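Have a look at the structure below, then the notes.
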Amino acid sequence: GEIKIQRGKPRHSLEIANLINRLSKPSQTLSPDDIMAAFGEKAFFLLYINYKLMGVIGWQVENLVTRVLDLHFDESVNLVDVLPVLINEIEQASADLQAEAALLSFPETYRVATSVWQKLGYKAVQPRELSVSAWHEAAQEMNTPASLLYFKQLRQDRVLRPI
């Protein structure tokens with residue numbers, strides 16, 4: 001189908017909440033107000049296929065590290081087709097924010113996309129493998145036993161002092 005990526009805006013709160021509620025455990029019901037509050041700490045990219053919301057990614061940049069925190073996709077979505085487009089959008093937005101690196105944390109259920117992450121230049125890491133302290137700290141915060149963690153350096157020149 002026709003794929004469209006759109007940056008989430010507060011007016012999409014109900015739509016985002018409905019998608020996440022549909023795809024999540026029944027015990028985790030989000031309201032549009034919950035999504036509105038989340039806009040204070042992260043941004044969203046929305047995946048539309050044939051004009052229907054089929055996925056959402058929540059992400060943020062903190063200490064020059066892009067963190068992809070939430071992945072929610074309808075089971076009918078072919079991740080091999082859509083992830084490169086979504087990650088490209090996140091990387092472009094991260095470049096505008098001068099992010100040095102990107103970390104992706106996703107549940108085991110998205111293991112099928114491992115080859116996609118690798119083709120996009122991401123590698124599986126453990127926090128201890130990252131030598132830059134900001135990257136290491138971000139990885140530690142994101143790392144959970146039930147998730148996979150992937151890393152990519154986005155720029156070669158490090159920002160060593162404020163611009």
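When you go through (1) open to solvent by 20 Å² or more (accessible area, probe 1.4 Å); (2) at pLDDT 90 or above; (3) under 27 Å from ILE35 (Cα atoms) one by one for ALA146, which number turns out not to apply?
Every listed condition holds for ALA146 apart from (2).
Given the conditions (1) of a type in the set (S, T, N, Q); (2) in a helix (DSSP H, G or I); (3) under 13 Å from the mean Cα position of the chain (by Cα), report the number of the one that SER105 does not fulfil.
The one condition SER105 does not meet is (2).
ALA134 fails exactly one of the following numbered conditions: (1) in a helix (DSSP H, G or I); (2) at pLDDT 95 or above. What is the number of that condition?
(2)
Consider the stretch 78-101. How many of its residues are closer than 14 Å to GLN156 by Cβ and surrounded by 17 or more Cβ atoms within 10 Å (Cβ to Cβ)? Talk me through it step by step, then tell me what you get.
Just the residues of the stretch 78-101 that are closer than 14 Å to GLN156 by Cβ, to begin with: 95, 98-101.
Among the residues that remain, those that are also surrounded by 17 or more Cβ atoms within 10 Å (Cβ to Cβ) are: 99-101.
So the answer is 3.
Being assigned to a loop (DSSP other than H, G, I, E, B), out of contact with any Lys or Arg (no Cβ under 9 Å at 6 or more places or on another chain) and more than 19 Å from GLU137 (Cβ to Cβ) is true for just one of GLU75, GLU41. Which residue is that?
Numbers: GLU41 fails: more than 19 Å from GLU137 (Cβ to Cβ).
Every option except GLU75 fails the conditions.
Which numbered condition trips up LYS4, out of (1) closer than 23 Å to LEU103 by Cβ; (2) open to solvent by 20 Å² or more (accessible area, probe 1.4 Å); (3) charged (D, E, K, R); (4) part of a strand (DSSP E or B)?
Going through the list (1) closer than 23 Å to LEU103 by Cβ; (2) open to solvent by 20 Å² or more (accessible area, probe 1.4 Å); (3) charged (D, E, K, R); (4) part of a strand (DSSP E or B), LYS4 breaks only (1).
Which number in (1) at pLDDT below 95; (2) over 16 Å from the mean Cα position of the chain (by Cα); (3) surrounded by 14 or more Cβ atoms within 10 Å (Cβ to Cβ) marks the one condition that GLU62 misses?
The one condition GLU62 does not meet is (2).
For the stretch 121-134, which residues satisfy the criterion of being touching a Phe, Trp or Tyr at 6+ places or on another chain (Cβ under 9 Å) and open to solvent by less than 70 Å² (accessible area, probe 1.4 Å)?
Just the residues of the stretch 121-134 that are touching a Phe, Trp or Tyr at 6+ places or on another chain (Cβ under 9 Å), to begin with: 122-125, 127, 129-130.
Within the stretch 121-134, TYR122, ALA124, VAL125, PRO127, LEU130 meet the criteria.
Give just the number: which of (1) farther than 26 Å from LYS52 by Cα; (2) at pLDDT below 90; (3) open to solvent by less than 30 Å² (accessible area, probe 1.4 Å) does SER115 not satisfy?
SER115 satisfies all of (1) farther than 26 Å from LYS52 by Cα; (2) at pLDDT below 90; (3) open to solvent by less than 30 Å² (accessible area, probe 1.4 Å) except (3).
Provide a single number: the residues in the stretch 16-36 that are free of Cβ contacts under 8 Å to residues at least 40 places away in the same chain and crowded, with 17+ Cβ neighbours inside 10 Å.
3
Among PHE44, PHE73, PHE39, which is the only one that is out of contact with any Leu (no Cβ under 9 Å at 6 or more places or on another chain), closer than 17 Å to ALA17 by Cα and buried (at least 17 other Cβ atoms within 10 Å of the Cβ)?
Values: PHE73 fails: out of contact with any Leu (no Cβ under 9 Å at 6 or more places or on another chain); PHE39 fails: buried (at least 17 other Cβ atoms within 10 Å of the Cβ).
Among PHE44, PHE73, PHE39, only PHE44 is out of contact with any Leu (no Cβ under 9 Å at 6 or more places or on another chain), closer than 17 Å to ALA17 by Cα and buried (at least 17 other Cβ atoms within 10 Å of the Cβ).
Run down ILE90, ILE163 and say which single residue is at pLDDT 95 or above and of a type in the set (A, V, I, L, M, F, W, C).
The conditions single out ILE90.
Show the residue pairs meeting these rules: Cβ distance below 9 Å; 6+ apart or different chains; first residue within the stretch 60-87 and on the phi > 0 side of the Ramachandran plot; second residue open to solvent by 60 Å² or more (accessible area, probe 1.4 Å) and in a loop (DSSP other than H, G, I, E, B).
Listed by first residue and then by second, the contacts come to LEU64/LEU97; LEU64/GLN98; LEU64/ARG158.
The values are calculated or read from the model by the stated rules, or taken from the named source; none is laboratory data. Keep in mind that this is a model prediction, so the values were computed, not measured. With ideal geometry, Cβ positions are generated from the backbone for all residues, glycine too; neighbour counts draw on all protein chains shown. What goes into the accessible areas is simple: the full protein's heavy atoms, side chains included, and nothing from ligands, DNA or RNA. Shrake-Rupley method; radii C 1.70, N 1.55, O 1.52, S 1.80 Å.
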